[in-house]
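The values are calculated or read from the model by the stated rules, or taken from the named source; none is laboratory data. Since we're looking at a predicted model, the values are computed, not measured. Using ideal geometry, Cβ is built from the backbone for each residue, glycine included, and neighbour counts are taken over all protein chains shown.
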Amino acid sequence: MTTIGRGAATNLEQAPAPGSMLTTTAARSLAVLRISIGFVFLWAFLDKTFGWGYATPSERAWTNGGSPTKGFLSGVEVGPFQGFFNDIAGQAWADWLFMLGLLGIGVALILGIGMRIAAAAATVMLVLMWFAEFPPAKTTGAGEATHSTNPFMDYHLIYALGAIVTALTYAGHTWGLGRQWAKLPFVQRNRWLI
């Protein structure tokens, strides 16, 4: 048993420190995660813009005069920001900000560029959407069940964590333009753009 203990200690001493190495498989897995999350954002932008009939019917498409925020935000019936979300539902500035956010985050994540900004923007947007759905609430203001499946964690937070992880691990360098982006002079001068 002493020999096994010594061998284990020797192997641990020779193993790379956490964070000093990323395997090819791990890098590719993170790239798939990055592209997948980016596609979620880009698809939401495209469907809301053109009304391809998934979440948005064509008659409610942004290009047909529909509001990308009105349906969701006017339907918020729970949480500490219910009044705020109801008030901004359908406002032109909210529509533009939401849609530009979806497009920018989606493109940045798919291309693997501007990952820090994309992760920060995605986190802000997704946390706001989390508050709009407010999973901790079991009932709405009218006393109806919210059908929340978890008092805290939901897909909005999982997507936000995924975006953060892909930014922190430079997932844009694998199957993306992250390396080329990082070499651009204006990005070199402004490292927060990586």
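More than 19 Å from LEU33 (Cα to Cα) and not aliphatic (A, V, I, L, M) - does that describe any residue in the stretch 122-130?
Yes, the stretch 122-130 contains a residue that is more than 19 Å from LEU33 (Cα to Cα) and not aliphatic (A, V, I, L, M).
Would it be correct to say that TRP181 is surrounded by 14 or more Cβ atoms within 10 Å (Cβ to Cβ) and assigned to a helix (DSSP H, G or I)?
Yes: the conditions hold for TRP181.
Hey, among the residues in the stretch 55-77 that are loosely packed, with under 15 Cβ neighbours inside 10 Å and at pLDDT below 95, which one's nearest to VAL107 (Cα to Cα)? Talk me through it step by step, then tell me what you get.
Step one: list which residues in the stretch 55-77 are loosely packed, with under 15 Cβ neighbours inside 10 Å, which gives 55, 57-59, 63-65, 75.
If we keep only those that are at pLDDT below 95 as well, we get 55, 75.
On the way: ALA55: 20, GLY75: 28 Å.
Checking each candidate, the answer is ALA55.
Would you tally the residues in the stretch 143-174 being of a type in the set (D, E, K, R) and exposed (fewer than 15 other Cβ atoms within 10 Å of the Cβ)?
Pass one, the stretch 143-174, residues of a type in the set (D, E, K, R): 144, 154.
With the extra rule that they be exposed (fewer than 15 other Cβ atoms within 10 Å of the Cβ), the set shrinks to 144.
The number of residues fulfilling the criteria is 1.
Quick one: which of ALA167, ALA132, ALA160 is over 23 Å from THR69 (Cα atoms), part of a helix (DSSP H, G or I) and in contact (Cβ under 8 Å) with a residue 24 or more places away in the chain? Outline the logic, then answer.
Working: ALA132 fails: over 23 Å from THR69 (Cα atoms); ALA160 fails: over 23 Å from THR69 (Cα atoms).
After applying the criteria, what remains is ALA167.
Quickly run through the stretch 8-35 and pick out the residues that are surrounded by 10 or more Cβ atoms within 10 Å (Cβ to Cβ) and at pLDDT 90 or above. Talk me through it step by step, then tell me what you get.
Just the residues of the stretch 8-35 that are surrounded by 10 or more Cβ atoms within 10 Å (Cβ to Cβ), to begin with: 8-10, 15, 22, 26-35.
Across the stretch 8-35, the qualifying residues are ALA26, ALA27, ARG28, SER29, LEU30, ALA31, VAL32, LEU33, ARG34, ILE35.
Pick from the stretch 58-82 the residues that are assigned to a helix (DSSP H, G or I) and of a type in the set (D, E, K, R): which of them is nearest to ALA132 (Cα to Cα)?
Start the filter on the stretch 58-82 by keeping residues that are assigned to a helix (DSSP H, G or I), which leaves 58-60, 62-64, 70-74, 82.
So of that shortlist, the ones also of a type in the set (D, E, K, R) come out as 59-60, 70.
Details: GLU59: 24, ARG60: 21, LYS70: 13 Å.
Step by step, filter the stretch 58-82, then rank; the result is LYS70.
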